[in-house]
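Worksheet for the structure shown next.
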Amino acid sequence: MRILRFLGGLAALGFAVAIVAGGAVVYALWHYGRTLPDYQQLANYEPPVMTRVHAGDGQLIAEYARERRLFVPIGVIPKRVVRAFLSAEDKNFYSHKGIDPLSVVRAVVVNVRNIISSRRPVGASTITQQVAKNFLLSSEVSFERKFKEAILAFRIERAFDKDRILELYLNEIYLGVGSYGVAAAALNYFDKSLDELTIAEAAYLAALPKAPNNYHPVHDAERALQRRDWVISRMYEDGHINRAESVFATREPLIARPRRELEIVSADWFTEEVRRELAKRYGEDKLYEGGLSVRTSMHTDLQRLGERVLRNGLIAYDRRHGYRGPLGNLELDADWQQRFGAAMLPAGLLEGWRAAVVLRLGAEAAEIGFLDGLTGSVPLKDVAWARRRLDDGGLGPKVKRPGDVFAVGDIVLVEEASGGEAGLWSLRQIPEVNGGLVAMDPHTGRVLALVGGWSFAASQYNRAVQANRQPGSAFKPVVYAAALDSGFTPASLVLDAPFVIDQGGGLGKWKPANYTRKFYGPSTLRLGIEKSRNLMTVRLAQYIGMDTVVDYARRMGVVDDMPKQLSMSLGAGETTLLRLTSAYAMLVNGGKRITPTLIDRIQDRRGETVFRHDQRECSTCQATGWFGQPEPRVADTRAQVLDPVTAYQVVSMLEGVVQRGTGVRVRSVGKPLAGKTGTTNESRDTWFIGFSPDLAVGVFVGFDEPASLGRRETGSSVTAPIFRDFMVGALEKQASIPFRIPRGVRIVRIDAASGLPASPGTRNAIREAFRPGTEPKRNAPVLDNPNAYQTGAARPRRSESGLY
């Protein structure tokens, strides 16, 4: 009986203890649980990840980030990496509910010993608990924090699936040397992407979470190797690798490879325009933290070529207009180098350009000195261009000796002379004039190169997309396209003679004139555009009506709402280089509308495509191989802006501009090219827009504050050489492809001067493009005024469809 009473009392005591313990647990759960942070925030948690921008060939051209992190979706992380971390940190991760009871018991036993020996307690944290700690709690070592950690782990396990929890962990865990997440650690320790890691390297990364600073592969190599091998052994015990893989991985040396600096292709003009578009589309936060992957249309080689030829063209123009003088002048006393070092240099210096001080002047050279003590000389032949620029824009006398250009103490810009002996330098000068260049695929609108000026460092104003300027004669193809659709042919005759019109409203009479100030009588449309005749263009525009011209300017995307004034036919309406180049692209692509774009595709941080420029569907384009199936056919969804025959007739006439007209400087390229010069009043703006069958290019040059470029400066002298040099480089390795002739075109041999059918002995004969039935006849009429032909013949007739 005594034993039974004892056992009963013991049971009662145990029951009471259990009630008290249970109550304590319930109280603890209530007490700590009510103050815990909201774990639901993990559902929408996305670490800030950098946005990367790549060229069309895959080369990295820009990174945008507030923190340099990498995010990798769990489905993309290699299995060997995942398994290495599971073996090292939480082998029962996929089976427990947030806490691993066996690990807890093991930790209790170890901690009892540690407390007795005054050692730091160890944890038994699961991966879920570590997520709770890293995202929601502090790193304090206490039983209170561990209790909160356990509560949160249970809640997180009920709210999220295992893969989401593991994804958060592997992308957020700190692994040393500034590495947050496994992707960053793989790059920083081994200069590898995750899929390139060996088993041994994955095991090393998995050995780091507990104490990354204790296992540095260089400073703590022995401990790091032991810890790595321990993880490899755990992977073998857990069945993730076989015996041979385990032995091989253990024998692999632990070699850290410093991360190589990423080579980022410099393309500031292009990438800044992409950045603006991304910020406009998604906002600043998504741009800098959203982890976007942007594939652009940029062609790396063409971008570099465009920057080089534009700069060379600006330098060539600038040299024609003389030397503006030194950056400053120093007294060459004992401390001149100190004052030279404090001198402010202008922005926009090209690579290889240096500032120097003129030390001595000789008959054949000027001696110069640099801040680092180096000296050199500038020979007379390298300053022959540097005639003094006069106030009226003219040039001073020819340079006969260095003293005509320099004075002792002048601060000047120089560049090491190319192909010369060491110590020889050439005088340089940053141009005041500026410009832009655009190259695009005329069939898709993909912008392949975009250059907005001399130097992005000097000015971020992009003259290719932001500068609205008058296109001048570069607008004329729009007028001629409208005329061809209104019944004219390339051989139609228009009178080139004085033209006067009363503008009304007290504006007086408008008297346009040709650039040459001469009159040439009846001339063909082709000759009018080849020689850029203003009077013929105005007569055409008045005849077909400015309503029609305005409509064509809008349809081709040149100007959205152009005033219906006759002067607009000569390019008085402002537009941008990008828009005008796009309009020319619609000529060479057969009259199809294109939308210029710098971005091909955008993917979010998980690799999902969120934007694609080409929206066409092609279900048969994803085949992994050819098994006899027909080739994919992708629908052409581009709207028809111009009739293909009209578009080709304009292309053919613009080809004549290059062969015989104002663009003849371009002919030396030796490939089929077409284009048009543009020069505004007083030569304030100069243009050349042109194309090959598969590449459209536009060039603009002018001062940011509009001013005359000089009396003899035109699109032919300023921008055509830049276009030419670009095409030489761009088409160097390309086959010579003729312009494509659409159906419905008849090629007829005619006299270039009269526009009449050519006789067998005609010396000035050309091949002209006509619609069937519109070939030239004898006694062709001449457009003299908007109401009648000079011969009294009927006006050109247009069918309801506009086609013959």
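Could you figure out which of (1) surrounded by 14 or more Cβ atoms within 10 Å (Cβ to Cβ); (2) at pLDDT 90 or above isn't true of Pro781?
Just one mismatch for Pro781, condition (2).
When you scan region 462-473, do you find a residue that is part of a helix (DSSP H, G or I), out of contact with any Leu (no Cβ under 6 Å at 6 or more places or on another chain) and under 22 Å from Ser683 (Cβ atoms), even just one?
yes
For Lys671, are the conditions met, namely being closer than 18 Å to Val479 by Cβ and charged (D, E, K, R)?
Criteria not met by Lys671.
I'm trying to understand the selection: among the residues of region 166-189, which are part of a helix (DSSP H, G or I), within 19 Å of Glu261 (Cα to Cα) and over 30 Å from the mean Cα position of the chain (by Cα)?
Matches in region 166-189: Tyr189 only.
Go through (1) open to solvent by 10 Å² or more (accessible area, probe 1.4 Å); (2) under 19 Å from the mean Cα position of the chain (by Cα) and name the single condition Gly423 misses.
(2)
Restricting region 30-67 to residues that are of a type in the set (Gly, Ala, Ser) and closer than 30 Å to Arg158 by Cβ, which is modelled with the highest pLDDT?
The qualifying residue modelled with the highest pLDDT is Ala43.
What pairs come out if I take residues in region 354-381 that are without any contact (Cβ under 8 Å) to a residue 24 or more places away in the chain and pair them with residues that are surrounded by fewer than 19 Cβ atoms within 10 Å (Cβ to Cβ) and of a type in the set (Asp, Glu) whose C-beta lies under 6 Å away, six or more apart or interchain?
Every condition considered, the pairs that remain are Leu380/Glu364.
Scan region 667-721 for residues that are hydrophobic (A, V, I, L, M, F, W, C), in contact (Cβ under 8 Å) with a residue 60 or more places away in the chain and more than 24 Å from Arg446 (Cα to Cα) and jot them down.
Listed by number, the residues that qualify are Phe703, Leu709, Val718.
Among the residues of region 607-647 satisfying the criterion of being among the polar types (S, T, N, Q) and in contact with a Gly (Cβ under 8 Å, 6 or more places away or on another chain), which is most open to solvent (accessible area, probe 1.4 Å)?
Only one residue fits best here, namely Gln640.
Looking at region 158-167 only, could you name the residues that are open to solvent by 10 Å² or more (accessible area, probe 1.4 Å) and either in contact with a strand residue (DSSP E or B) (Cβ under 7 Å, 6 or more places away or on another chain) or not basic (Lys, Arg) (or both)?
Answer for region 158-167, where residues must be open to solvent by 10 Å² or more (accessible area, probe 1.4 Å) and either in contact with a strand residue (DSSP E or B) (Cβ under 7 Å, 6 or more places away or on another chain) or not basic (Lys, Arg) (or both): Ala159, Phe160, Asp161, Asp163.
Could you tell me which numbered condition His219 fails, if it satisfies all but one of (1) touching a residue at least 60 places away in the same chain (Cβ under 8 Å); (2) out of contact with any Leu (no Cβ under 7 Å at 6 or more places or on another chain); (3) surrounded by fewer than 22 Cβ atoms within 10 Å (Cβ to Cβ)?
It is condition (1) that His219 fails.
Could you tell me which of the residues Ser459, Ser418, Ser473, Ser455 is over 30 Å from Phe739 (Cβ atoms) and crowded, with 16+ Cβ neighbours inside 10 Å?
Just a single option satisfies the conditions, and that option is Ser455.
Name the pairs whose Cβ atoms lie under 7 Å apart, with the first residue in region 151-173 and within 25 Å of Ala186 (Cβ to Cβ) and among the polar types (S, T, N, Q), the second open to solvent by less than 40 Å² (accessible area, probe 1.4 Å) and not in a helix (DSSP H, G or I), and 6 or more positions between them or separate chains?
From residues that are within 25 Å of Ala186 (Cβ to Cβ) and among the polar types (S, T, N, Q), the pairs are Asn171/Pro47; Asn171/Phe71; Asn171/Val72; Asn171/Gly181.
Can you tell me which condition Asp704 does not meet? The list is (1) more than 23 Å from Val650 (Cα to Cα); (2) surrounded by 20 or more Cβ atoms within 10 Å (Cβ to Cβ), and all the others hold.
Asp704 satisfies all of (1) more than 23 Å from Val650 (Cα to Cα); (2) surrounded by 20 or more Cβ atoms within 10 Å (Cβ to Cβ) except (2).
Rundown of residues vs (1) hydrophobic (A, V, I, L, M, F, W, C); (2) at pLDDT 95 or above; (3) over 20 Å from Asp604 (Cβ atoms); (4) part of a helix (DSSP H, G or I), yes/no style:
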{"position": "Arg257", "(1), (2), (3), (4)": "no, no, yes, no"}
{"position": "Arg308", "(1), (2), (3), (4)": "no, yes, yes, yes"}
{"position": "Arg311", "(1), (2), (3), (4)": "no, yes, yes, yes"}
{"position": "Leu314", "(1), (2), (3), (4)": "yes, yes, yes, yes"}
{"position": "Asp318", "(1), (2), (3), (4)": "no, yes, yes, yes"}
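Could you list all residues from region 286-308 that are closer than 30 Å to Val718 by Cα and open to solvent by 10 Å² or more (accessible area, probe 1.4 Å)?
His299, Asp301, Leu302, Arg304, Leu305, Glu307, Arg308
Could you run through region 51-67 and say how many residues are touching a strand residue (DSSP E or B) at 6+ places or on another chain (Cβ under 9 Å) and in a loop (DSSP other than H, G, I, E, B)?
Final tally of qualifying residues: 5.
Restrict the check to region 434-442 and report whether at least one residue is out of contact with any Pro (no Cβ under 9 Å at 6 or more places or on another chain), more than 30 Å from Val383 (Cβ to Cβ), open to solvent by 20 Å² or more (accessible area, probe 1.4 Å) and modelled with pLDDT of 95 or more.
The answer is yes; a qualifying residue exists.
Are any residues in region 511-530 open to solvent by 10 Å² or more (accessible area, probe 1.4 Å) and either within 10 Å of Lys476 (Cα to Cα) or at pLDDT below 95 (or both), and if so, which ones?
Lys511, Pro512, Ala513, Tyr515, Thr516, Arg517, Lys518, Phe519, Tyr520, Gly521, Pro522
Part of a loop (DSSP other than H, G, I, E, B), in contact with a strand residue (DSSP E or B) (Cβ under 9 Å, 6 or more places away or on another chain) and acidic (Asp, Glu): does that describe Glu277?
No, not satisfied.
Quick check on Gly698: is it under 23 Å from the mean Cα position of the chain (by Cα), of a type outside the set (Lys, Arg), closer than 20 Å to Ile594 by Cβ and open to solvent by less than 10 Å² (accessible area, probe 1.4 Å)?
Criteria met by Gly698.
Of these, Asp195, Asp191, which one is touching a Pro at 6+ places or on another chain (Cβ under 8 Å), at pLDDT 90 or above and open to solvent by 40 Å² or more (accessible area, probe 1.4 Å)?
Asp195
Using the structure shown, decide if Val479 is in contact with a helix residue (DSSP H, G or I) (Cβ under 8 Å, 6 or more places away or on another chain) and either part of a helix (DSSP H, G or I) or exposed (fewer than 13 other Cβ atoms within 10 Å of the Cβ) (or both).
yes
I'd like to know if region 665-688 contains one or more residues that are open to solvent by less than 30 Å² (accessible area, probe 1.4 Å), within 25 Å of Thr524 (Cβ to Cβ), in contact with a Pro (Cβ under 7 Å, 6 or more places away or on another chain) and small (Gly, Ala, Ser).
Yes, because at least one residue in region 665-688 is open to solvent by less than 30 Å² (accessible area, probe 1.4 Å), within 25 Å of Thr524 (Cβ to Cβ), in contact with a Pro (Cβ under 7 Å, 6 or more places away or on another chain) and small (Gly, Ala, Ser).
Could you run through region 231-255 and say how many residues are surrounded by 14 or more Cβ atoms within 10 Å (Cβ to Cβ) and assigned to a helix (DSSP H, G or I)?
Looking only at that region, the number is 11.
Residues in region 377-393: is at least one more than 29 Å from the chain's Cα centre (by Cα), at pLDDT below 95 and more than 27 Å from Ala355 (Cα to Cα)?
Within region 377-393 (the criterion being more than 29 Å from the chain's Cα centre (by Cα), at pLDDT below 95 and more than 27 Å from Ala355 (Cα to Cα)), the answer is yes, since at least one residue qualifies.
Do we find a residue being among the acidic types (Asp, Glu) and either at pLDDT 90 or above or surrounded by 14 or more Cβ atoms within 10 Å (Cβ to Cβ) (or both) anywhere in region 339-354?
Yes, region 339-354 has at least one match.
The values are calculated or read from the model by the stated rules, or taken from the named source; none is laboratory data. Computed from a predicted structure; not experimentally measured. In this analysis, Cβ positions are derived from the backbone assuming ideal geometry, glycine residues included, and neighbour counts consider all displayed protein chains. Accessible surface areas use protein heavy atoms only, side chains included; no ligands, DNA or RNA. Shrake-Rupley method; radii C 1.70, N 1.55, O 1.52, S 1.80 Å.
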